[in-house]
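Visitor: This is the structure, below, for whatever I ask next.
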Amino acid sequence: MRGHSLPFYTMDDFNFDGKKVLLRVDINSPIDPKTGKILDDTRIRSHAQTVKELIGLGASVAILAHQGRPGDNDFTTLRDHSELLSKHLGMDVNYIEDIFGPYARSQISSMKPGDILLLENTRFYSEENLEKVPEVQAKTFLVKILSPLFSLYVNDAFATAHRSHPSLVGFPMVMPSAGGRLLQTEVEILSSLFEPSSKPCIFVLGGGKVSDSVQLMETLLSKGLADKILLTGLVSHLFLIARGSNVGKATTKIMEGKGLFSLLPRAESLIKKYGETIMTPIDVAFLKEGRRVEAALDGIPDNSPIYDIGESTVSKYSELLKNAKTVIMRGPAGYIEDPRFTRGSEGLLKALVSSRAVSLLGGGHLRAISERLNIADKIGYFSTGGGAFIMFLSGEKLPALEVLIASKQKFNSER
Ligand code: 3PG
């Protein structure tokens, strides 16, 4: 897809006048674990343009989206999202507490041009959480029941394009489909900005999606795309253990609860094969009597989890960032929902903007911190994607993009 015209339909390829459009977006947002409130609405803002354009072109739009994963703290309804979307659009958004049941269907059937519905969190429907090939996802109830109600499907969810879920890969199999404006922009910009030849290229990987990070590291390292990978966040704890460090009982318990020890053999084999190309923290921060405290690896306590990287790690990583030509950063370095643990992420972002590297950042958390620090305008590009962003840059195929390409071939004559 790099450097070529797009191989899937975009919104320029269809007439939307009077059409009912099913629009998939990614408004999955960080949620305050205590109040349940949305902490950052970047993704919601980013999709507003696509919705406005579709409405301006004469369509009515029903929106499908997810929030969190079953079992996680941030797995919740889309009520607050609908209010924020409505605010950013300056238009009414009708929040429907249903996905494809009778209530949702009757609301969709009575949509008129200009109407906007936001359907409930698609992941409340169990089949949405299973990764299967598009041919199978096209036969799920979600796709079978909703697809006849719409003329067109638009996927604007670049940030979830690495998932092969029914709402992402099922619909393009059965109906004419296009990539939305945000998805199109992400693909075009990332294709043009990232040149594997821009070396040294450093990846800084953090955040909570450990299994995704391990998979990405395997790809990046085996293809020689990363000259260094600097680890922070939960994934760094796994690699510290792989290096023989004791991360303390509290952190170990969290990792056990998330089933992360099954990834240990893969982490050990990456360390064995790539050694110091993979960097892990040399100090960490945790809570002691309600305050942030830092310690080297031999001082990690048993009674508080690790919540951030420490100052020495920030300095060590910052030195490396100085000499990079390209820096690709995804996920925060610590538990930034708590203001005591934003320092690691802030330190790395400051080091990044004072280096001469071209910077590409993924995920909403880092954008929110950069905006707070007033350095957002010094970052090369923010992608709304985290996992999808890195996977795209590592040249992996993203299922939701692949199926849009297949859909273009399949529905070639139906425009
Ligand atoms: C993301 O935040 O990376 C996307 O919304 C995908 O979410 P997921 O990792 O829970 O599938």
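Visitor: Got at least one residue in segment 92-106 being closer than 21 Å to S126 by Cβ, within 16 Å of the ligand (Cβ to nearest atom) and in a loop (DSSP other than H, G, I, E, B)?
Guide: Scanning segment 92-106 turns up no residue that is closer than 21 Å to S126 by Cβ, within 16 Å of the ligand (Cβ to nearest atom) and in a loop (DSSP other than H, G, I, E, B).
Listed here are the residues, each with its yes/no results for (1) open to solvent by less than 20 Å² (accessible area, probe 1.4 Å); (2) assigned by TED's automatic domain parsing to the domain that holds L221; (3) over 16 Å from R243 (Cβ atoms).
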| residue | (1), (2), (3) |
| --- | --- |
| L263 | yes, yes, no |
| S269 | no, yes, no |
| Y307 | no, yes, yes |
| T313 | yes, yes, no |
| K325 | no, yes, yes |
| I328 | yes, yes, yes |
| I336 | no, yes, yes |
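Visitor: Yes or no: segment 339-361 includes at least one residue that is open to solvent by 10 Å² or more (accessible area, probe 1.4 Å), touching a residue at least 12 places away in the same chain (Cβ under 8 Å) and within 16 Å of the ligand (Cβ to nearest atom).
Guide: no
Visitor: Keeping to segment 166-175, report how many residues are in contact with an Asp or Glu (Cβ under 8 Å, 6 or more places away or on another chain) and either surrounded by fewer than 24 Cβ atoms within 10 Å (Cβ to Cβ) or within 18 Å of L54 (Cα to Cα) (or both).
Guide: 1
Visitor: Out of L216, L205, L234, L182, I need the residue that is outside the structural domain of S126 (by TED's automatic domain parsing), within 16 Å of the ligand (Cβ to nearest atom) and open to solvent by 20 Å² or more (accessible area, probe 1.4 Å). Which one?
Guide: The match here is L234.
Visitor: Additional query: Residues in segment 254-266 that are on the phi < 0 side of the Ramachandran plot and either of a type in the set (V, I, T) or without any contact (Cβ under 8 Å) to a residue 24 or more places away in the chain (or both): how many?
Guide: Counting residues in segment 254-266 that are on the phi < 0 side of the Ramachandran plot and either of a type in the set (V, I, T) or without any contact (Cβ under 8 Å) to a residue 24 or more places away in the chain (or both) gives 7.
Visitor: Still on this structure: May I ask you to verify whether S383 is out of contact with any Cys (no Cβ under 8 Å at 6 or more places or on another chain), open to solvent by less than 30 Å² (accessible area, probe 1.4 Å) and within 16 Å of the ligand (Cβ to nearest atom)?
Guide: In short, yes.
Visitor: Of S151, S198, which residue is open to solvent by 20 Å² or more (accessible area, probe 1.4 Å), more than 16 Å from the chain's Cα centre (by Cα), assigned by TED's automatic domain parsing to the domain that holds I229 and more than 13 Å from the ligand (Cβ to nearest atom)?
Guide: Only one candidate qualifies: S198.
Visitor: Being among the basic types (K, R) and in a loop (DSSP other than H, G, I, E, B) is the filter here; which residues of segment 367-400 pass it?
Guide: If the condition is that a residue be among the basic types (K, R) and in a loop (DSSP other than H, G, I, E, B), then K397 is the only one that fits.
Visitor: On to the next question. Hey, could you check segment 109-139 for residues that are in contact with a Gly (Cβ under 6 Å, 6 or more places away or on another chain) and open to solvent by less than 80 Å² (accessible area, probe 1.4 Å) and say which is farthest from T77 (Cα to Cα)?
Guide: Among residues in segment 109-139 that are in contact with a Gly (Cβ under 6 Å, 6 or more places away or on another chain) and open to solvent by less than 80 Å² (accessible area, probe 1.4 Å), the one farthest from T77 (Cα to Cα) is A138.
Visitor: Are any residues in segment 28-44 within 18 Å of L361 (Cα to Cα) and either out of contact with any Ser or Thr (no Cβ under 9 Å at 6 or more places or on another chain) or open to solvent by 40 Å² or more (accessible area, probe 1.4 Å) (or both), and if so, which ones?
Guide: P30
Visitor: Identify all residues within segment 135-165 that are touching a strand residue (DSSP E or B) at 6+ places or on another chain (Cβ under 7 Å) and part of a helix (DSSP H, G or I); write none if there are none.
Guide: Listed by number, the residues that qualify are L146, L149.
Visitor: Name the strands (runs of 3 or more DSSP E) wholly inside segment 265-364 in which the number of residues that are within 30 Å of I44 (Cα to Cα) is 3 or more.
Guide: Counting at least 3 such residues, we get 326-330, 358-362.
Visitor: Report yes if A376 is surrounded by fewer than 24 Cβ atoms within 10 Å (Cβ to Cβ), more than 16 Å from the ligand (Cβ to nearest atom) and more than 19 Å from I229 (Cβ to Cβ), otherwise no.
Guide: yes
The values are calculated or read from the model by the stated rules, or taken from the named source; none is laboratory data. The model shown is predicted, which means the values in this text are computed figures rather than measured ones. So basically every Cβ, Gly included, is an ideal-geometry build from the backbone, and we count neighbours across all protein chains shown. Note: accessible area is taken over every heavy atom of the protein model, side chains too, but ligands, DNA and RNA are not part of it. Shrake-Rupley method; radii C 1.70, N 1.55, O 1.52, S 1.80 Å.
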